[in-house]
Amino acid sequence: MAYTCIKIRHIMATDKRRRHVISLEKMPPEVVAAFNAKYPGGITDCEDDIEQYPKPNGELFYAVTIELPDDIYLVKIPVEIDSLDDVQQWLDSESDAEMAQLTGTAGEGSSDDSTLPDDNISQYGSDESSDDD
């Protein structure tokens with residue numbers, strides 16, 4: 001962390017460009033053009049470049065850097081972080097769905113009857129030969 005702070009101070013001392021923090025929705029046209037040139041696929045292209053920054057109140061925000069000749073912009077990107085409960089619920093639903101698929105009970109309610117999936121066996125005919133000739 002100390003190295004990062006020293007590195008940032010050095011960069012800021014040598015780079016006299018103005019710095020801005022803006023939201024994705026409020027980008028001026030020149031920043032929109034630079035963003036589209038850097039990330040032609042939109043937000044999905046910038047996923048690898050998203051960095052986490054602390055606010056003065058301790059909360060975090062996520063942003064990508066867009067550099068112009070006179071300015072450097074941190075463009076805030078909306079990132080939704082899953083809570084531990086959300087992840088556990090997702091994992092539980094995945095394992096329930098996989099189990100239902102393996103047992104063939106997907107979409108069926110639980111019942112005490114043990115029936116075959118196709119209990120209409122009359123459609124298959126019988127093993128007895130008919131002597132109606």
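None of the figures in this text is laboratory data; all of them are computed from the coordinates on show. Quantities reported herein were computed from a predicted structural model and do not represent experimental measurements. So basically every Cβ, Gly included, is an ideal-geometry build from the backbone, and we count neighbours across all protein chains shown.
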*Placed amide H near Val21: partners under 5 Å, 5+ positions off or other chain*: Leu74
*May I ask you to derive the FRET efficiency for Asp15 and Phe61 from their Cβ-Cβ distance with R0 = 22 Å, giving the value to the nearest 0.05?*
0.50
_As a footprinting exposure proxy, order Tyr73, Tyr53, Tyr39 by other Cβ within 10 Å, with the fewest listed first._
Tyr53, Tyr39, Tyr73
*Residues with amide H under 5 Å of Leu68's amide H, sequence separation 5 or more or different chain, H placed in the peptide plane at 1.01 Å from N; which?*
Tyr73
_Computed label-point distance, nm, for sites Ile22 and Ile72 using a 7 Å Cα→Cβ extension_ = 1.7 nm
